[in-house]
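Beneath this line is the structure, given in structure tokens, with notes to follow.
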Amino acid sequence: MNLFRTKSIEHSLADADEPGRTLKRSLSTWDLMIMGIAVAVGAGIFSVGAKAAANYAGPAVTISFVLAAVTCALAVMCYAEFATAIPVTGSAYVFTYATMGELMAWIIGWNLILELLMAASVIAKYWGVYLSNFLEVVNVDIPSNFSVLGLTVYWGPLVVVAAFTVVLVLGTKLSARINNVFTMIKIAIVLFVIVVGFFYVKAANFAPFVPGSEPAPSTDTSWATQPFLSFLTGANPAMYGFTGIISGAALVFFAFIGFDVVATSAEEVKNPAKTLPRGIFAGLGVVTILYILVTLVVTGMVSYKDLAKQAEPSLASAFQLVHADWAVVIISLGSLIGLTTVIMVLLMGLARVSMAMSRDGMLPRALSRTSDKHGTPARTQILCGGVVAILAGFTPVELLSEMINIGTLSAFVMVSIGILVLRHKRPDLKPSFRVPLGPVIPVLSAVLCIYLMFNLATVTWVFFAVWVAVGLVIYFSYGHWNSRLRGEEAEGLAPAVPAALRG
């Protein structure tokens with residue numbers, strides 16, 4: 001049983017041209033940049049910084065954002081090198097298959113499904129809540145849910161997921177155009193809020209910039225909610241100080257998830273050698289600037305101590321505390337539009353990863369068929385939309401929101417390490433983008449991502465272990481036996497280790 005058989009780059013490129021399972025190349029650098037902004041800038045831009053400032057880092061939350069952005073940038077460099085070397089759909093799953101073998105590829109693909117499925121479901125659920133909040137602000141009272149035969153149904157997620165599933169089935173370019181419009185409106189709202197907020201900023205609120213470390217409230221000291229590193233070492237959970245900055249970085253890393261989703265579109269990009277790196281890095285740069293500006297506004301408008309007294313600290317809370325209640329309407333609209341584009345990009349990414357795995361036989365092959373008319377994986381897109389709608393519309397999926405972070409970080413770790421393996425096995429490759437400083441950045445990226453993973457809640461690791469265990473059961477009962485690469489080896493059509501990848 002060869003669990004570490006690798007799939008050559010040439011093999012992946014050939015599979016991408018298989019009739020009936022091919023995606024159309026229609027995306028530009030602009031489309032990719034907007035896609036990155038669309039998936040990273042959601043309602044969280046109005047809340048995650050405030051929560052991190054209130055409960056973890058104080059005004060030093062800007063450092064938390066910088067650390068999270070740097071960690072993401074290091075990993076994104078690795079993604080960019082891989083994506084230009086293997087410009088096919090599937091992202092980290094495909095990259096891992098080419099370097100570390102089938103079993104590790106399955107685990108990463110399964111984790112990507114976790115990340116994208118949970119993210120799309122959680123954000124669709126919040127979209128429904130934000131829609132109801134916005135309607136309430138404008139004096140239209142429509143509840144976010146209703147009961148049918150004792151079952152609570154959240155109607156908002158069902159509507160938005162169904163709408164964008166249809167759009168994605170109709171074509172990637174059409175989806176990109178709609179995404180571009182929504183994202184530009186979203187950016188305009190964010191910039192407006194930032195400019196207005198700066199008029200309320202007081203320098204005194206930034207002091208002390210790094211508050212002294214304090215023990216976490218007693219309600220936060222249970223084994224389930226404390227950082228996994230604290231649980232392993234027995235250290236008492238703390239807030240503020242250096243520990244708070246790191247914990248804040250682990251929390252706000254959520255703000256940067258999605259750039260790996262952009263890499264899943266590699267097969268749909270025109271001239272991927274140039275377009276992919278430019279689009280990914282431009283998007284990350286814009287997102288980082290926006291988040292830091294919003295964070296400076298929220299911590300400058302009011303003291304982090306006042307934010308900590310709020311049940312749900314957010315940018316809206318800051319405006320209310322300075323008696324600028326009118327801004328709540330604009331922030332509610334911005335949150336709603338922000339989440340809209342996130343859902344669409346995540347649904348697309350989920351379908352692309354599932355398609356890549358089904359091409360290889362790890363999931364049913366029928367899921368990799370593409371529409372002759374629109375060139376999209378219609379079956380997979382509809383299936384993914386259906387699962388997301390069920391989770392968001394009928395379950396308390398928001399309780400598993402931290403699963404998104406751990407799924408993303410695990411993929412980042414494997415891609416970072418995979419760069420070193422790829423360079424060793426394929427020194428002949430000359431991708432248009434190469435991570436600078438030799439092995440330094442990939443190693444640093446992997447270490448930082450692992451460190452952030454260990455700063456997530458212990459209960460997140462428990463759920464993650466269960467998810468991986470379920471994935472292994474599926475792999476050994478289905479994926480391994482239906483692997484196309486395994487079948488080709490058995491028939492003598494492919495070497496156990498492709499010649500091009502022998503070290």
Original post:
Among the helices (runs of 4 or more DSSP H) contained in the stretch 230-323, which hold 1 or more residues that are modelled with pLDDT under 80 and of a type in the set (Asp, Glu)?
Top reply: 259-263
Subject >> Odd one out for THR22, checked against (1) polar (S, T, N, Q); (2) in a helix (DSSP H, G or I); (3) within 23 Å of THR275 (Cα to Cα) >> reply: (2)
Original post:
Can we say VAL353 is aliphatic (A, V, I, L, M), in contact with a Leu (Cβ under 6 Å, 6 or more places away or on another chain) and buried (at least 24 other Cβ atoms within 10 Å of the Cβ)?
Top reply: yes
Original post:
So which residues in the stretch 372-396 are surrounded by 16 or more Cβ atoms within 10 Å (Cβ to Cβ) and in a loop (DSSP other than H, G, I, E, B)?
Top reply: HIS374, GLY375, THR376, PRO377
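Name the residue, out of ALA60, ALA73, that is in a helix (DSSP H, G or I), in contact (Cβ under 8 Å) with a residue 40 or more places away in the chain and surrounded by 23 or more Cβ atoms within 10 Å (Cβ to Cβ). Can you show your working first?
Details: ALA73 fails: surrounded by 23 or more Cβ atoms within 10 Å (Cβ to Cβ).
After applying the criteria, what remains is ALA60.
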Original post:
Do we find that THR71 is on the phi < 0 side of the Ramachandran plot, touching a Lys or Arg at 6+ places or on another chain (Cβ under 9 Å) and not charged (D, E, K, R) in this structure?
Top reply: no
Original post:
Somewhere in the stretch 129-141, is a residue under 16 Å from the mean Cα position of the chain (by Cα) and either surrounded by 24 or more Cβ atoms within 10 Å (Cβ to Cβ) or more than 15 Å from ILE404 (Cα to Cα) (or both)?
Top reply: no
Original post:
With (1) part of a helix (DSSP H, G or I); (2) in contact with a strand residue (DSSP E or B) (Cβ under 8 Å, 6 or more places away or on another chain); (3) at pLDDT below 85 as the list, and LEU135 as the residue in question, which single condition is left unmet?
Top reply: (2)
**OP:** Would you check if there is a residue in the stretch 486-502 being surrounded by 17 or more Cβ atoms within 10 Å (Cβ to Cβ), of a type outside the set (Ser, Thr, Tyr) and modelled with pLDDT of 85 or more?
**Re:** yes
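Can you tell me which of LEU422, LEU409 is farther than 14 Å from LEU117 by Cβ, modelled with pLDDT under 85 and part of a helix (DSSP H, G or I)?
Working: LEU422 fails: modelled with pLDDT under 85.
Matching residue, one of LEU422, LEU409: LEU409.
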**OP:** Return yes when ALA392 is hydrophobic (A, V, I, L, M, F, W, C) and either under 16 Å from LEU112 (Cα atoms) or out of contact with any strand residue (DSSP E or B) (no Cβ under 9 Å at 6 or more places or on another chain) (or both) and no when it is not.
**Re:** no
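Can you tell me which of ALA50, ALA54 is under 23 Å from ILE343 (Cβ atoms) and more than 19 Å from the chain's Cα centre (by Cα)? If you could, list the steps in order and put the result at the bottom.
Working: ALA54 fails: under 23 Å from ILE343 (Cβ atoms).
Only one candidate qualifies: ALA50.
How many residues does the stretch 473-485 contain that are among the hydroxyl-bearing types (Ser, Thr, Tyr) and either outside any helix (DSSP H, G or I) or at pLDDT below 90 (or both)? Before the answer, list the steps.
Pass one, the stretch 473-485, residues among the hydroxyl-bearing types (Ser, Thr, Tyr): 475, 477-478, 483.
Next, from what is left, pick out any that are either outside any helix (DSSP H, G or I) or at pLDDT below 90 (or both): 483.
Residues in the stretch 473-485 being among the hydroxyl-bearing types (Ser, Thr, Tyr) and either outside any helix (DSSP H, G or I) or at pLDDT below 90 (or both): 1 in total.
Of everything in the stretch 98-120 that's small (Gly, Ala, Ser) and more than 12 Å from the chain's Cα centre (by Cα), which residue is farthest from LEU3 (Cα to Cα)?
Here is the first cut: in the stretch 98-120, the ones small (Gly, Ala, Ser) are 98, 101, 105, 109, 119-120.
Cutting the leftovers down to more than 12 Å from the chain's Cα centre (by Cα) gives us 98, 101, 105, 109.
Numbers: ALA98: 13, GLY101: 7, ALA105: 10, GLY109: 15 Å.
For the stretch 98-120, the residue satisfying everything is GLY109.
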Original post:
Do we find a residue being closer than 26 Å to SER354 by Cα and part of a helix (DSSP H, G or I) anywhere in the stretch 40-54?
Top reply: yes
Subject >> Cβ pairs under 6 Å, 6+ apart, first in the stretch 305-332 and in contact (Cβ under 8 Å) with a residue 40 or more places away in the chain and surrounded by 13 or more Cβ atoms within 10 Å (Cβ to Cβ), second hydrophobic (A, V, I, L, M, F, W, C) and in a loop (DSSP other than H, G, I, E, B) >> reply: ALA318/VAL302
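The values are calculated or read from the model by the stated rules, or taken from the named source; none is laboratory data. Only a predicted model underlies this, so the values are computations on that prediction, with no experimental measurement involved. Heads up, the Cβs are rebuilt from the backbone with ideal geometry, glycines too, and the neighbour counts pull from every protein chain shown.
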